[in-house]
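First comes the structure, then the notes that go with it.
The values are calculated or read from the model by the stated rules, or taken from the named source; none is laboratory data. In this text the structure is predicted, and so the values were computed from the model without any measurement. Areas reflect the complete protein model, heavy atoms only, side chains present, ligands, DNA and RNA absent. Shrake-Rupley method; radii C 1.70, N 1.55, O 1.52, S 1.80 Å.
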Amino acid sequence: MVLTRSLVNSRAHEYREQEPLYAVEEEQLETLPSAFTSGEYGRRDAVWVVRWYYRRFLGDYPDDERRDAEERFRNNDVEAVRDAIADAVDASDAAAGVDSLTTLEAVDVPVASAFLMFIDPEEYVVVGPREWSALREAGELSRPYPDPPSVSQYETYLECCRSLAARFDCDLWTLYRALWRLSEYATE
């Protein structure tokens, strides 16, 4: 597979038409960045990001592991969550943002990347096996998905995504939607 602007745009449009979480994702991308930046959000907003990370797989992620991660995240002290998100908002780069978020229970690099995307979708994009696999299949990443990726592996993935978004003149959210649909795991 060769990634092109046309392919990215068509798959992103397909995502919009076929993925059941699109409307709520779009709404959260409009509201959460300013809420996280201003600190004007509730615990439910932070929990939503964790739930979204796992539930976007629509049953392909083991239910017991998903529930365990959600429960462990809910067990974090409210102030610890607020401090980690505030530090991620103020972070100078992806590594600093991930480092602040992974201090929380149940937040590994992929979940931290989801938080970063909902903090600043113009700068960050979530990482997971589907997106990574699509990039690998296209020859943009050489290694299989590291489960879970390290901070430096996320930075490599992020730079790849930023480069592709610049090449195709699209935002990271559009690229994410295309990669999700292009993944070998996507169901028709």
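Relative to the longest principal Cα axis of the chain, at what angle does helix 172-182 sit, 0 to 90 degrees, rounded to 10? Between the helix axis and the principal axis of the chain, the angle is about 60 degrees. Against the empirical curve 2.2 N^0.38 Å, the C-alpha radius of gyration of the chain lands at a ratio of 0.97. Computed per residue of the chain from DSSP H runs no shorter than four, each worth -39500 (n - 2.57), the mean residue ellipticity at 222 nm is -21000 deg cm²/dmol.
Assign one of three labels to segment 1-78, namely rounded, prolate or oblate, based on the Cα gyration tensor with a ≥ b ≥ c the square roots of its eigenvalues; rounded applies when a/c is under 1.5, prolate when it is not and a/b is larger than b/c, and oblate otherwise. It is oblate, given that a/c is not under 1.5 and a/b is not larger than b/c. Of all the Cα-Cα pairs you can form in segment 80-180, what percent are over 15 Å apart? Every Cα pair in segment 80-180 considered, those over 15 Å come to 57 percent. Legend: residues Met117, Met1, sorted from most to least accessible area (1.4 Å probe; ligands, DNA and RNA excluded), read Met1, Met117. With the whole protein complex present, Thr156 retains an accessible surface near 80 Å², based on a 1.4 Å probe.
The residues of the chain expose, per residue, 48 Å² of accessible area to a 1.4 Å probe.
Once C-alpha pairs closer than 8 Å and six or more residues apart are averaged by separation and normalised to the residue number of segment 1-140, the relative contact order reads 26 percent. Got a number for carbon plus sulfur as a percent of segment 93-188's accessible area, 1.4 Å probe? The computed percentage sits at 43.
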